[in-house]
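Worksheet for the structure shown next.
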Amino acid sequence: MNFKKPVYVTQPYMPPLEEFVPYLEQIWDSKWLTNNGPYHRQLEKELCEYLEVPYVSLFCNGTLALMVALQVLRITDEVITTPYSFVATAHSLHWSNIQPVFVDIEPVTFAIDPQKIEAAITPRTTAIVPVHVYGNPCYVDEIQRIADTHSLKVIYDAAHAFGVQCNGKSVLNYGDLSVLSFHATKIFTTIEGGAIVCHDEEMKRRIDSLKNFGFADEVTVVVPGINAKMNEFQAAFGLLQLKHINHILSRSAEIDCRYREELKGIPGIRLLHRPAESHQNYSYFPILVEPDYPLSRDALYQYFRDQGIYARRYFYPIISDFPMYRGLPSAAAANLPVAKSVSERVLCLPIYPDLAKDDQSKIIEIIKSNL
Ligand code: T4K
């Protein structure tokens with residue numbers, strides 16, 4: 001069995017090119033390329049409406065948005081976070097001179113385990129940075145209770161959580177701030193891009209200033225800001241994506257549903273639990289390859305690659321195993337057994353709106369054929 005074209009873990013949804021041309025013409029005519037241009041303002045407004053959140057500040061990528069979120073809340077010293085994420089979660093702390101303190105995940109949703117957070121709090125702890133990994137909402141109520149008890153800030157790394165709801169509202173409304181990524185590999189993309197969701201106008205004003213060198217007006221610089229602005233091409237691409245978002249989400253849901261139907265009950269293949277009270281965006285389809293499956297996770301990964309299917313081991317290795325973190329006391333393997341074990345078994349299968357039905361059939365067939 002061989003694939004003509006490689007099948008990647010994800011691919012961005014590209015709207016019809018002719019629909020993008022009028023946006024480009026507008027940019028050409030106005031010569032307004034960046035710095036809070038008209039498309040930037042329109043996308044912030046449309047995202048607030050679509051996501052049902054009060055304020056959105058757009059960024060050139062999710063990593064800089066995370067760093068600005070840490071700055072605006074004046075987070076210092078130590079921050080509790082998960083080792084089971086993309087490395088940018090911890091790097092944003094590192095770049096802000098903050099020490100990540102890794103807390104293990106719980107084995108059902110792979111989110112940071114709230115029962116283990118309090119033991120990691122020290123007098124130097126200033127915040128918690130949990131991740132809604134694969135779009136599965138964290139234990140938001142427990143996390144907030146802990147944060148309130150210990151006067152900690154909560155910044156959600158919501159890079160995977162575009163459009164996700166829990167308890168009947170957007171998951172982005174929890175915590176002090178939530179940070180989105182709109183990278184090309186995300187379900188909603190602005191090529192590169194990201195955003196901070198916040199709850200009040202003053203906070204939005206401060207975030208906007210921080211991402212624009214700290215300017216308050218033409219001649220006043222109030223904070224040592226950075227340049228993290230989204231440009232007009234990115235914002236235009238986002239506006240067009242938003243027009244197609246229902247199609248993007250419904251196709252992803254169909255693909256997720258088919259994988260679930262076909263793969264449930266296969267010995268040695270475990271599917272990610274999706275809490276019933278949440279509304280998902282279906283942007284990742286992780287499976288766990290357990291010891292009773294005939295192939296190891298890495299053997300299955302390689303088998304797929306040999307057939308031109310580029311499934312990915314998100315997130316392996318765990319962040320705490322990378323050289324710049326592995327010396328930290330919280331990075332000790334004994335502290336993170338669940339994250340370690342999940343990362344050694346996880347494999348994310350291809351899922352994106354244009355995944356052909358035949359390609360998905362072949363992926364399913366490969367998993368079954370090894371039995
Ligand atoms: N927090 C979390 C939890 C995150 O997952 C991320 C990003 C961040 C923070 C940081 O946000 P950003 O600063 O990135 O906005 C990818 C992405 O680069 C990264 O954005 C993402 N998480 C991470 C989970 O995945 P790689 O190194 O796996 O990407 P790459 O280039 O191997 O792409 C994966 C596959 O996607 C390719 O095999 C093919 C396909 N692809 C990729 C690109 C770039 C396309 O079809 N078209 C494309 O343009 O990190």
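Some points to look at:
- Sole exception among (1) open to solvent by 20 Å² or more (accessible area, probe 1.4 Å); (2) in contact with a strand residue (DSSP E or B) (Cβ under 9 Å, 6 or more places away or on another chain); (3) of a type in the set (D, E, K, R) for K243, by number: (2)
- Taking the range 1-101 as the region of interest, the helices (runs of 4 or more DSSP H) fully inside it that hold 2 or more residues being open to solvent by 60 Å² or more (accessible area, probe 1.4 Å) are 17-30, 38-51.
- Candidate set: the range 278-297, residues that are within 20 Å of the chain's Cα centre (by Cα) and open to solvent by 40 Å² or more (accessible area, probe 1.4 Å); chosen: the one farthest from S85 (Cα to Cα): H279
- Evaluating A332 against the criteria (1) closer than 20 Å to P130 by Cα; (2) surrounded by 16 or more Cβ atoms within 10 Å (Cβ to Cβ) leaves one unmet condition, (2).
- Yes/no for I155 being in contact with a helix residue (DSSP H, G or I) (Cβ under 9 Å, 6 or more places away or on another chain) and crowded, with 24+ Cβ neighbours inside 10 Å: yes
- Listing of helices (runs of 4 or more DSSP H) fully contained in the range 261-371 that carry 1 or more residues being in contact with a Pro (Cβ under 6 Å, 6 or more places away or on another chain) and within 16 Å of the ligand (Cβ to nearest atom): 337-345
- Test: residue in the range 10-22 that is among the polar types (S, T, N, Q) and within 16 Å of the ligand (Cβ to nearest atom): yes
- Residue satisfying all of: in the range 199-222; in contact with a Ser or Thr (Cβ under 7 Å, 6 or more places away or on another chain) and over 17 Å from Y55 (Cβ atoms); nearest to the ligand (Cβ to nearest atom) among these: F215
The values are calculated or read from the model by the stated rules, or taken from the named source; none is laboratory data. Since the structure is predicted, the reported quantities are computational estimates derived from the model, not experimental observations. Cβ coordinates were reconstructed from backbone atoms using ideal geometry, including for glycine residues, and neighbour counts include every protein chain displayed. Accessible surface areas use protein heavy atoms only, side chains included; no ligands, DNA or RNA. Shrake-Rupley method; radii C 1.70, N 1.55, O 1.52, S 1.80 Å.
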